[in-house]
Amino acid sequence: MDVLNLFRKNSKAEKFTAELTPTPSAGLKVDDFVKNRKNPTPGNVGVCLSGGGSRALSSAMGQLRALKTLSNGHGDLLSQTKAISTVSGGSWLGVTYAYLTDPAVTDDDYLNTYVDDPGQLVPTKTTGHQLSETLDELPAGNAGENITSNFSVIDIALQAFWLYKFHGTPAHMLWQTVIADNILKPYGLYTPGEAEAPTTYFTFNESTIEQIKSFPYQNATFGDLTGHQLSQDDGRVERPFLICNTAMFVNDARPDLVVSSKGFKFLAPVQCTPFYTGIIGKPGGTDANGKKPGGGGVTSFSFNSELIDIGVGDEKNLVGISENRPFSLLDIVGSSSAAFAETLENIFKTWEADFDQYLKAVEERGDAAEKFLGDHLLDSESDSLKDFISQIKSTKAATKTRREFQKEVTKLGFTHTALKADMKEIGIKNIIPQYYYWPVTDAKPETDIKATRFADGGSLENTGVAAMLSYQDIDNVIAFVNTPTPLEPINDESHILVDETTLEITTNIKVDSQIPPLFGYQPFDSDSGTYQLYQGDSKPSSPEYANSKVFPAKKFAELLTGLWGATGNGEDKPATFKQTMDVVENQWFGVKTRDNINVVWVYTNWVEQWVSQLSDDVKALLPDDFPYYGTLNTELTPTEINLLANLTAWCVADKSHCDVFVDLYQ
């Protein structure tokens, strides 16, 4: 059975008119969509925020803060940024920032303000120090507030499971719903309806709302829907064009490659923008309905629909679609970070196999999860959940051993068998996001289509750079690579040797796996100490990244040398390096060949110049894994968030190295 019927049975599909955006043969341009900006965009700069969960959110907060601090003759750099491309945890920060209109939360609240002297940072509230300098506090409404509690992977798993068990939220929407609850809802960007389904859509501005309303034969109910617009209030920074990246599974995409993982499927890139959502390139393979994907997008509210009519009102790019509810910010932020849905899947499998692990989660985090879900559940649902948690905890208190506890819990009817039945009913594999997709190329009306599974944008391309380069009027790119992988030699001596014939690179300098594929290289092979090209290798080590090349291979060794040299051949200085290079064609992402663009790579790394300026009290607070917080370490303390955001902001805005950024905006 199509799992989306779990949602359909409670919903009534309606017909709407939407607009196709076919990908032009010459490629896309931001200026084709964004008209009459308040601020100029000198340099045509695009900013890319990589994935990486809460680490990426915290890092990106500091980086946007820094761009808001730096200025040229036209004002702050952030307001002059032409586009922003986000992935996964970068989308948690970037999408919310783009649509932030809550009057109670200023941009400075959301991003916090820049501290130019690291020595001014203090562990806790201290006379003479501002809130921005206080590490264990965050401003009300700050992006980091939402990841400081109820956001561990166990918390998220309990929230998701109980939304399904007690409230009936469909399995394929559990991850998106939980992430929207935590990340979007605090700012009024998620309004749940039946079974927690979103009730709002997103667009660019009031003009695009009126345009959609005016489409021929538009459903009158469209005017009753709330459309979130890019933030453009007075007193806020003008927002860039937004590209939020997710991915869609495709079948039989690369028969030339041998993959060892059973059930492995390639991914096609999906762009979610205020104007359209879709696959703009021409990737290989087919969707769940056997159709070749690609060719453009459709008005974003109407993604996840069935195509029922083409040429509405004699306009060739207007289509009639049928959908149950609008495609929303919940969908793009959730699917962009869908790797965590796989984490939920793994936790559910653990609980299914080991009942005691589930009971421990209920004992330790049940009350917090129930409280978090309080305003979602009906009174009867909430009462049932509270009663369940209470009985588990009282039974634990009344028993002396784990064995006795489990026995008494079973007598109450809370059995391992019942939990297994719940997991079977969910269909653990169904937790992965699924949406109705139809291609723009050769689009044909078709009903009763199957849903196609979606994946984290970072499972395909985690930097957001490839998507950014699909826009022909982006001339300069800032790539913020917020990685858990230190930039350092894997042994005592650094070296970089390039075979001029094969272009194989022998080195002990390891960079995060998200960078080499952009140059056509596989991630670092620690066994051989090499980077090897995808081209010519029929059995690559990481086939999922094989379709991401957008730069000449010969420029990768230059990047390794440049990043390593920028640090002072160690961890002394920021790992920031500017490259000028051509763009190579990539049909998978819809990227066209171009000459001479600039890319400033910013690789989050330990920076001794910043650390050395901290007070001893603050140095003592640096976590052992700073600044490489694990991606699954989703819940961070205010201190952990502030330390990382202050580091990444300083690496951009400090006067000793900010010119490389300011010079792009010329």
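The values are calculated or read from the model by the stated rules, or taken from the named source; none is laboratory data. Values in this document were obtained by computation on a predicted structure and should not be read as measured data. Neighbour counts are summed over all protein chains in view; Cβ atoms, including those assigned to glycine, are modelled from backbone coordinates with ideal geometry.
A few comments on the model shown:
- Set side by side, the residues Leu174, Leu189, Leu158, Leu131 differ, and just one is crowded, with 18+ Cβ neighbours inside 10 Å and farther than 18 Å from Phe348 by Cβ, which is Leu189.
- Some residue of the range 271-278 being over 17 Å from Ile84 (Cα atoms) and either modelled with pLDDT under 95 or among the hydrophobic types (A, V, I, L, M, F, W, C) (or both): no
- Residue in the range 537-554 that is hydroxyl-bearing (Ser, Thr, Tyr), in a loop (DSSP other than H, G, I, E, B) and modelled with pLDDT of 95 or more present: yes
- The single residue among Lys29, Lys82 that is surrounded by 20 or more Cβ atoms within 10 Å (Cβ to Cβ), modelled with pLDDT of 95 or more and of a type in the set (D, E, K, R) turns out to be Lys82.
- Of all residues in the range 169-224 being of a type in the set (Phe, Trp, Tyr) and part of a helix (DSSP H, G or I), the one that is farthest from Ile156 (Cα to Cα): Phe222
Yes/no per residue for (1) at positive phi; (2) out of contact with any helix residue (DSSP H, G or I) (no Cβ under 9 Å at 6 or more places or on another chain); (3) in the same structural domain as Val662 (by TED's automatic domain parsing); (4) outside any strand (DSSP E or B):
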position	(1), (2), (3), (4)
Lys68	no, no, yes, yes
Ile84	no, no, yes, no
Thr96	no, no, yes, yes
Thr127	no, yes, yes, yes
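- Residue within the range 313-326 that is touching a residue at least 40 places away in the same chain (Cβ under 8 Å), of a type in the set (A, V, I, L, M, F, W, C) and not in a strand (DSSP E or B) present: no
- Enumeration of residues in the range 612-639 that are free of Cβ contacts under 8 Å to residues at least 12 places away in the same chain and closer than 18 Å to Ala653 by Cα: Ser612
- Every residue from the range 170-211 that is β-branched (Val, Ile, Thr) and under 22 Å from the mean Cα position of the chain (by Cα): Thr177, Val178, Ile179, Ile183, Thr191, Thr199, Thr200, Thr203
- Odd one out for Ile310 among (1) surrounded by fewer than 18 Cβ atoms within 10 Å (Cβ to Cβ); (2) aliphatic (A, V, I, L, M); (3) within 26 Å of Val591 (Cβ to Cβ); (4) modelled with pLDDT of 95 or more: (3)
- Residue identified as at negative phi, touching a strand residue (DSSP E or B) at 6+ places or on another chain (Cβ under 9 Å), in the same structural domain as Pro623 (by TED's automatic domain parsing) and not hydroxyl-bearing (Ser, Thr, Tyr) among Asn508, Asn476: Asn476
- Of everything in the range 371-390 that is aliphatic (A, V, I, L, M) and within 18 Å of Gly193 (Cβ to Cβ), the residue that is surrounded by the fewest Cβ atoms within 10 Å (Cβ to Cβ) is Leu378.
- Residue within the range 446-460 that is buried (at least 22 other Cβ atoms within 10 Å of the Cβ), among the polar types (S, T, N, Q), over 17 Å from Phe556 (Cα atoms) and assigned by TED's automatic domain parsing to the domain that holds Met248 present: yes
- Out of Ile332, Ile347, one residue alone is within 30 Å of Pro274 (Cβ to Cβ), assigned to a helix (DSSP H, G or I) and either modelled with pLDDT under 95 or of a type in the set (A, V, I, L, M, F, W, C) (or both). It is Ile332.
- Selection of the range 485-505 for residues being on the phi < 0 side of the Ramachandran plot and either small (Gly, Ala, Ser) or more than 32 Å from the chain's Cα centre (by Cα) (or both) yields Asn491, Asp492, Glu493, Ser494, His495, Ile496, Leu497, Val498, Asp499, Glu500, Thr501, Thr502.
- Only one entry of Leu632, Leu644, Leu621 meets the criterion of being assigned to a helix (DSSP H, G or I) and of a type in the set (A, V, I, L, M, F, W, C), and that entry is Leu644.
Okay, residues lined up against (1) among the aliphatic types (A, V, I, L, M); (2) more than 25 Å from the chain's Cα centre (by Cα):
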residue: Cys272; (1), (2): no, no
residue: Gly285; (1), (2): no, no
residue: Asn289; (1), (2): no, yes
residue: Gly294; (1), (2): no, no
residue: Leu307; (1), (2): yes, yes
residue: Gly311; (1), (2): no, yes
residue: Pro326; (1), (2): no, no
residue: Asp331; (1), (2): no, no
residue: Ser335; (1), (2): no, no
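- Selection count where residues are touching a residue at least 24 places away in the same chain (Cβ under 8 Å) and either touching a His at 6+ places or on another chain (Cβ under 8 Å) or not in a strand (DSSP E or B) (or both), scope the range 571-610: 18
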